[in-house]
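Please read the structure below before turning to the comments.
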Amino acid sequence: MRTDIFARLDREPEPPKIETPRMSRHRIALFGGTLAFYLAIVLAVLVSSWLVALDWKVMLFRPYQQWPELHAFLDYYVVLGQRGPTAVMVAAWLGWRSWRQHTLRPLLTLGASLLLLNLSVGAVKLGLGRLGPHYATEIGSAELFAGGDIFPSGHTANAVVTWGILAYLATTPRARRYLSALSAFVSLGVGLTTVYIGTHWLSDVLLGWAAGLLILLALPWFEPLITRTEVLVLSVREQWRARLRLRKSAPAAPATPEPVLLRQAPGAGAEDPRSAAGRGPAPGTAGPAGHPGTAARARAHPVRAERTPLTPGGSRRPPHADRSPRNSAGPSRPVAGGPVAP
């Protein structure tokens, strides 16, 4: 049993050398032709030419009523052109490629293409304001500048860009050819499905194909910006990793012990003077004051000086008007035990 097939799923030891597409003469010629086709479609709708008449004929034909058996399948198939589901699927694949090849270019290229798609297609949608077939008000009218947002078709342009980016990022010519054919088939089917359901005019789909193809053809002009962005993101990532390693390798600061206050047991601090007098001086110390033992105990246990409480000079009792003061002159009271006056 061969096991080298699964080895292609492992991460490569180093980033591969992938040649980025350049704006060659062939690509510039395709870009110019697609841009001319894009402007011709816009002009044909603005002047209400034969293209607008064709839009109305296809809409009044009502393909969903001619082939109703296809409706259930095409309701699911058109999801391949919705922005959310397709972006998630393609981003998951390109994210795995970024991890395997040690590069952010696939994800950054997808992000740049979707950003260009939103800016270009969204601006034209809001600027022209065309209404869809289900909201048309006048037969034969182009329904422009009426507050709509369906010209060009966003489903079609998104299918071209999202699936075409896989072919753009292919690493081999063979894979590029296969993926180009797959993206063309999917985007063509999504565009025609929107016409079948009746959500877009035929001219919306034509302009959507041209808008998506213009973005894919213009991507090589943004490759230098994508490269600088990748270098910046990777440098920031390395700085964060260096900071984390520095924090892990730094020794922890020793914790300083905090003083602990021990609660003294009752009766252990003060000693009864009678018991101290009965016990006498400790061995090796002198009892009378002035001896070394007494001085050592005095230094070990300093005595706190008591403050003499301050008392008011006068009497605290309020004065009474009917009583005479004690120090006033008057008849003195007889002293007990003294001689009695005759």
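The values are calculated or read from the model by the stated rules, or taken from the named source; none is laboratory data. Computed from a predicted model, the values in this text were never measured in an experiment. No Cβ is skipped: glycine too gets one built from the backbone with ideal geometry, and neighbour counts run over all protein chains shown. Heads up: the accessible areas ignore ligands, DNA and RNA and are worked out on the full protein's heavy atoms, side chains in. Shrake-Rupley method; radii C 1.70, N 1.55, O 1.52, S 1.80 Å.
Largest to smallest in accessible area, the residues R247, R241 fall in the order R247, R241 (1.4 Å probe, all protein chains included). Listed values for region 67-76 are Karplus-derived 3J(HN,Hα) couplings in whole Hz (6.51 cos²θ - 1.76 cosθ + 1.60, θ = phi - 60°), namely 10, x, 5, 8, 5, 5, 5, 6, 4, 7, and x replaces Gly and Pro.
Taking all protein chains together and rolling a 1.4 Å probe, T137 ends up with roughly 110 Å² accessible. Listed values for region 191-196 are Karplus-derived 3J(HN,Hα) couplings in whole Hz (6.51 cos²θ - 1.76 cosθ + 1.60, θ = phi - 60°), namely x, 5, 5, 5, 5, 4, and x replaces Gly and Pro.
With the cut-off at under 11 Å, measuring from each backbone N in region 216-239 to a point 7 Å along the Cα-to-Cβ line of L246 picks out 239. Take T172: with every protein chain present and a 1.4 Å probe, its accessible area is about 60 Å².
With all protein chains present and a 1.4 Å probe, how do E14, E143 order by accessible area, largest first?
E14, E143
Sort F151, F37, F222 by heavy-atom solvent-accessible area, probe 1.4 angstrom, most to least. Kindly include the intermediate steps, with their values, before the conclusion.
Values: F151 0, F37 95, F222 70 Å².
My answer, sorted largest first, is F37, F222, F151.
Taking every protein chain into account, the 1.4 Å probe leaves M23 with about 40 Å² of accessible area, to the nearest ten.
Expressed as a rounded percentage, what relative contact order does region 21-143 have, with Cα pairs under 8 Å and six or more residues apart? Taking the mean separation of contacting Cα pairs over the length of region 21-143, I get 26 percent. If you take the Cα centroid of region 158-205 and the Cα centroid of region 53-120, the two points sit 8 Å apart. Taking θ as phi - 60° and the Karplus parameters 6.51, -1.76 and 1.60, the scalar couplings of region 150-164 work out to 10, 10, x, 6, x, 4, 5, 4, 5, 5, 5, 6, 5, 7, x Hz in sequence order, x denoting glycine and proline.
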